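Visitor: Structure provided below as structure tokens; questions to follow.
The values are calculated or read from the model by the stated rules, or taken from the named source; none is laboratory data. Keep in mind that what you see is a predicted model, and the values were worked out from it rather than measured. Note: ideal-geometry Cβ built from the backbone for every residue, glycine included; neighbour counts use all protein chains shown. Side chains included, ligands, DNA and RNA excluded: accessible areas come from the protein's heavy atoms. Shrake-Rupley method; radii C 1.70, N 1.55, O 1.52, S 1.80 Å.
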Amino acid sequence: MSMTSHGYRSSNIKDPKLLMWIFLASDCMFFGSLIGTYLVYRGRSLVGPYPQDLFDIPLTTISTFVLLMSSFLMVMALYYLRKNKIQSFRLATFGVIIFGSIFLGFQVFEFSHFAHEGLTLQQNLFGSSFYVLTGTHGIHVAIGVLWLISLLITSYIRPMTSKDEVYLDVAALYWHFVDIVWIVIFTVVYLIEFI
Amino acid sequence: MSHNNHKGGAAIYVITAVFLAILTYIEFGLIQYKWLGDGNPATILTIVALSIVKFIAVISIFMHLKDDNKTLFGFFAAGLVFAFAIFVAMSFLFTVNSTKNRIAAPTTDNLSSHESSNHNILVEEAGFRFPAGPKNQAYVIERPFESTKDYSFSLDSSNSSVSSPSNSQDSVALESFDWQELGQKTFNSCSSCHQATGTGIPGAFPPLNKNAALKYNSDREYLLKAVTFGLTGEIDVDGNSYNSAMPAWGYLSDEEIAAVLNYVLSSWDNPNTVVNFEAYSPNDVNSIRALNLSSDDTLKQRP
């Protein structure tokens, strides 16, 4: 199933894929400024609660692990679809959806715990910059989950075409990107606090 | 698909996943178990290096960038470079130069003197109101006290009990509650907004000089409420209106809240304005805590 027979363009890059990479490049700048904002305001909150009072490293390590493993399942889903192993593809995609949802569950738990400890969006600079950064990331994860659910449903209602394969490829790029953003957040926001 | 970007089997993905999991566990161990020792600068370097390795592993293997078209890599690299540039630019946001022309050049002696009220200057950048000053000192505000208190007391009504143990322990100290030093020390966390001499900043932070005494005269409990529960919304002080938020300081101890207000009421012009001043005791704070107000309630109860 050579892609050139469906050729969208002579450069051999499929349009959706090119567009996704351009989007990711711009999203990079978006997260770059949110992380920058967080770091610039770090340590400048006039009132508590402060990060060290709230962060729970074991818990966040688990959710980081969950997200990394979802990335692994994502790449496996693409691999199986390319091999035309539809059942395995479905299983892997389902795994990504579940892991992504677990990650979101951790985040909801974390946010409500922090809010109960007195950290609201308005409480201090830490609250505003932390919630905006991790909240934006969480919304990215949620969009990814919905997107994969739609691809999974598609695989049940009609046979997957090579076009679907490109869409899965693009969704996978998005998903991995969300994962690498979290790799940075985990280090720069959480771990650094305890060095 | 005849692309070369998935020539290998799934093994490479499995290996990468195991590798990523191990690196994450190492990061965890470095922080949680202090494998390299507490406060070792090597820890931060290792953690940053490990994250970069993880980042590259996901991009090159999971996202197939290693074997994919170089144009794609070009886009992504450009995005990363811009993100980094934004980041570097932002880190200059609060340096001396970017705020220089708004700061009335202070001399070294008025910086340390208690009389200086112009060493804290309000900087409005990126929509945030923030007190800033020369040489970064004025706004790198450290946590003033080690408070082991639970922050959650203002959210749940069982809280008044949070502070009672400290009171019963101090029942002797209660009679001779020595607030002068504690009050002055605690006021360090107020002076960034209300200024060292209680003048406030017109339009941003209301004065405490005179104003606090007048509020005390009309309602002895109001100041306790404003500090413990915060205050939001539009207020008028001496013909100037302020519409901002005063953070809730409820996480300070009863002693600290009582002490700081006693300090305010006995400083500057306040002693000349206040009528029948009776110093607050930690117990007064404790009974205010039990009211469990919100910062909006404080506004409604403002005299």
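Visitor: Looking only at helices (runs of 4 or more DSSP H) that fall completely inside region B:236-303, which ones have 2 or more residues that are hydrophobic (A, V, I, L, M, F, W, C) and in the same structural domain as B:Asn217 (by TED's automatic domain parsing)?
Guide: B:254-265, B:282-289
Visitor: Select, from B:Leu261, B:Leu299, the only residue that is of a type in the set (A, V, I, L, M), in contact with a Phe, Trp or Tyr (Cβ under 6 Å, 6 or more places away or on another chain) and in contact (Cβ under 8 Å) with a residue 40 or more places away in the chain.
Guide: B:Leu261
Visitor: Can you list residue pairs whose Cβ atoms sit under 7 Å apart, with the first residue in region B:58-87 being touching a residue at least 24 places away in the same chain (Cβ under 8 Å) and farther than 17 Å from A:Phe23 by Cα and the second being open to solvent by 50 Å² or more (accessible area, probe 1.4 Å) and of a type outside the set (Ser, Thr, Tyr)? Count only pairs 6 or more apart in sequence or on different chains.
Guide: The qualifying pairs are B:Ile61/B:Ile12; B:Asp67/B:Asn4.
Visitor: Tell me which residues, restricted to region B:275-301, are basic (Lys, Arg) and open to solvent by less than 50 Å² (accessible area, probe 1.4 Å).
Guide: Residue satisfying the conditions is B:Arg289 alone.
Visitor: In addition: Report every pair of residues separated by at least 6 positions or lying on different chains whose Cβ atoms are under 8 Å apart, first residue within region B:16-45 and within 20 Å of A:Leu67 (Cα to Cα) and small (Gly, Ala, Ser), second open to solvent by 60 Å² or more (accessible area, probe 1.4 Å) and assigned to a helix (DSSP H, G or I).
Guide: B:Ala21/A:Phe65
Residue-wise test of (1) within 12 Å of chain B (Cβ to nearest Cβ); (2) at positive phi; (3) part of a helix (DSSP H, G or I).
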| residue | (1), (2), (3) |
| --- | --- |
| A:Gly118 | yes, yes, no |
| A:Phe126 | yes, no, yes |
| A:Gly135 | no, no, yes |
| A:Ile143 | no, no, yes |
| A:Trp147 | no, no, yes |
| A:Leu152 | no, no, yes |
| A:Tyr156 | no, no, yes |
| A:Met160 | no, no, no |
| A:Asp164 | no, no, yes |
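So that you can scan it fast, the table gives a plain yes or no per residue for (1) part of a helix (DSSP H, G or I); (2) modelled with pLDDT of 80 or more; (3) more than 7 Å from every other protein chain (Cβ to nearest Cβ):
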| residue | (1), (2), (3) |
| --- | --- |
| B:Leu23 | yes, yes, yes |
| B:Gly29 | yes, yes, yes |
| B:Gly39 | no, no, yes |
| B:Ile52 | yes, yes, yes |
| B:Phe55 | yes, yes, no |
| B:Val58 | yes, yes, no |
| B:Val88 | yes, yes, yes |
| B:Asn101 | yes, no, yes |
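Visitor: Looking only at residues in region A:121-136 that are in contact with a strand residue (DSSP E or B) (Cβ under 9 Å, 6 or more places away or on another chain) and of a type in the set (S, T, N, Q), which one is most open to solvent (accessible area, probe 1.4 Å)?
Guide: So the residue we want is A:Gln122.
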